[in-house]
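Quick notes on the structure that follows.
The values are calculated or read from the model by the stated rules, or taken from the named source; none is laboratory data. In this text the structure is predicted, and so the values were computed from the model without any measurement. Note that we place each Cβ from the backbone using ideal geometry, even for glycine, and neighbour counts take in every protein chain shown.
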Amino acid sequence: MILPLLLAAAPAATTPAAPAPPAQVLRPQTVAPLPGGLDPVLVVNDNNPELISGPGILLSTFPRAGRPKPDAHLDVALNGRFDLFSHHVYAGKPDSLDSTLWLAVVAEPRGAQPVTLQLLGGSTALSQATDQEQPEAPFLPLPALMTQDGHVYSGPGSRVATELLARQRNALMPDRWTLAPGQLSTLLVLPIPVKGLDPLLNGRNLQVRLQSSGPVSLATLAAYGQGDQPPATGSWAELLNGGLSPKEHQPTPRGASGRIVYSRVSGVQIGSTWNGTITDPGKPYLSASRAPISWPIASLDRGSLGTGQVQTAELKAFYPDTAWAAHGNYGVEYNLAIPLRNTGSKPVQLELAFESPLKSDQAQGGLRFNPEPGKSVMFRGTVEASGLDGEGGSAGGRRSFHLVQRVGQQGPALGTVSLAPGASRQLRVRLIYPADATPPQVLSLLPVKQSPDQPAASH
């Protein structure tokens, strides 16, 4: 009986307590809903599955009637202006080290007349290319802020959004297609190779803006070819009569409480561009005295930053067990005007910044940040701004910046705006929300901190 008593009385070994995480920083300020809204342009949003595990239909807007598997089709006619956003990764076959998965975009008129599809803008990129013909954008560890010269990107989503924002057109894409009635036309066939990669993982982002002369159906398909050769042209029509490539990430139902799983999108969303002019209520300008103030970018359910504003595009149609809204607004362009005016009696100098505060849904009297940026990258992409201070403090022209933002990261500033009393400045900000980003972010106007011996500029 003595041994158990001695064991019970022995002191327990102590483990050093883990250091407490650094306290978050609350920046007191206004967080306001972003003015404006999404246009009515339809976007075929093809992002579920992200990891393609088998051939089949990724997304189809073709009619259900007459199809062997009608549930594989969303039956949405596309006419006039519409977009396609597609983002997938491929991890190879278990029995092969050099397989290639092929993605095809196919379309067909919904009537008896031929239809012309005009390419208004388009870009595509792999994470890693295995030949010189395919554009690539590896996930490079870039600085937080770099001047965008047209060749700065990290990841395929970053490259595609950057090129589309600059109105560039990828050389792999023709100017237009003419679609014959009653006949399936193949618009694009693009590889996702893994040969020679370690690990066996590659991704492709694709975004195109189109103008159609008549109603069409469109689909994205995935298939294996023969070696490094694409599938035969006729095989895409056969694949369109089959079933879906397996989906992933079943979402939390809309309105449910508790932890939320957003899932990924496989549907047709309503809205390609968010247009907005940021002003004081009832005024044609924004007072510089409103700073510090921020507006959400890509705010979403459970992530409105206390504004109550969900910018997420709604879906006209989507597959069961995929996202019920376009959470994150991947591929959506933000086109924002800020007519800024100094209504005070003293000169002011403000910073324009794009930031990644800690996600929240409740008002906190400001925004919360980490004292040092966290490890997780929340945004990789390009932001374009015009109207910032140029030479001598006067308004500069259009400038582009590539940002790599980590979780809870403030700034850095894109530039400054210096205004004398009564002066005005027209700012404009454009970005395309890139794949691989994690929302929400904010656009901020912040007072420049002045040192005692360096007063605000008075240009």
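Quick look at the values:
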| item | result |
| --- | --- |
| Matching option when the condition is free of Cβ contacts under 8 Å to residues at least 24 places away in the same chain, surrounded by 15 or more Cβ atoms within 10 Å (Cβ to Cβ), over 30 Å from Asp98 (Cα atoms) and not assigned by TED's automatic domain parsing to the domain that holds Ala104, among Thr252, Thr307, Thr279 | Thr252 |
| Flag for Thr233 being part of a loop (DSSP other than H, G, I, E, B) and surrounded by 14 or more Cβ atoms within 10 Å (Cβ to Cβ) | no |
| Candidates Val89, Val106 - the one that is touching a residue at least 24 places away in the same chain (Cβ under 8 Å) and touching a Phe, Trp or Tyr at 6+ places or on another chain (Cβ under 6 Å) | Val106 |
| Flag for Pro296 being touching a Ser or Thr at 6+ places or on another chain (Cβ under 7 Å) and either buried (at least 18 other Cβ atoms within 10 Å of the Cβ) or over 22 Å from Leu427 (Cβ atoms) (or both) | yes |
| Selection from region 255-275 of residues that are under 17 Å from the mean Cα position of the chain (by Cα), part of a loop (DSSP other than H, G, I, E, B) and surrounded by fewer than 18 Cβ atoms within 10 Å (Cβ to Cβ) | none |
| Search result, residues across region 240-258 that are over 27 Å from Ala222 (Cβ atoms) and touching a Ser or Thr at 6+ places or on another chain (Cβ under 9 Å) | Gly258 |
| So Gly411, is it within 24 Å of Gly150 (Cα to Cα) and over 23 Å from the mean Cα position of the chain (by Cα) | no |
| Total residues in region 276-306, condition assigned to a loop (DSSP other than H, G, I, E, B), out of contact with any strand residue (DSSP E or B) (no Cβ under 6 Å at 6 or more places or on another chain) and under 30 Å from Gly422 (Cα atoms) | 4 |
| Selected residue (criterion: surrounded by the fewest Cβ atoms within 10 Å (Cβ to Cβ)) from residues of region 46-98 that are in contact with a strand residue (DSSP E or B) (Cβ under 9 Å, 6 or more places away or on another chain) and part of a helix (DSSP H, G or I) | Asp71 |
| Those strands (runs of 3 or more DSSP E) lying entirely in region 109-213 with at least 3 residues within 24 Å of the chain's Cα centre (by Cα) and either crowded, with 16+ Cβ neighbours inside 10 Å or assigned by TED's automatic domain parsing to the domain that holds Ser99 (or both) | 115-126, 185-193 |
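Residues are listed down the side, and each one gets a yes or a no for (1) modelled with pLDDT of 85 or more; (2) β-branched (Val, Ile, Thr); (3) not assigned by TED's automatic domain parsing to the domain that holds Leu201:
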position	(1), (2), (3)
Thr15	no, yes, yes
Leu34	yes, no, yes
Val43	yes, yes, yes
His73	yes, no, no
Leu78	yes, no, no
Phe85	yes, no, no
Tyr90	yes, no, no
Lys93	yes, no, no
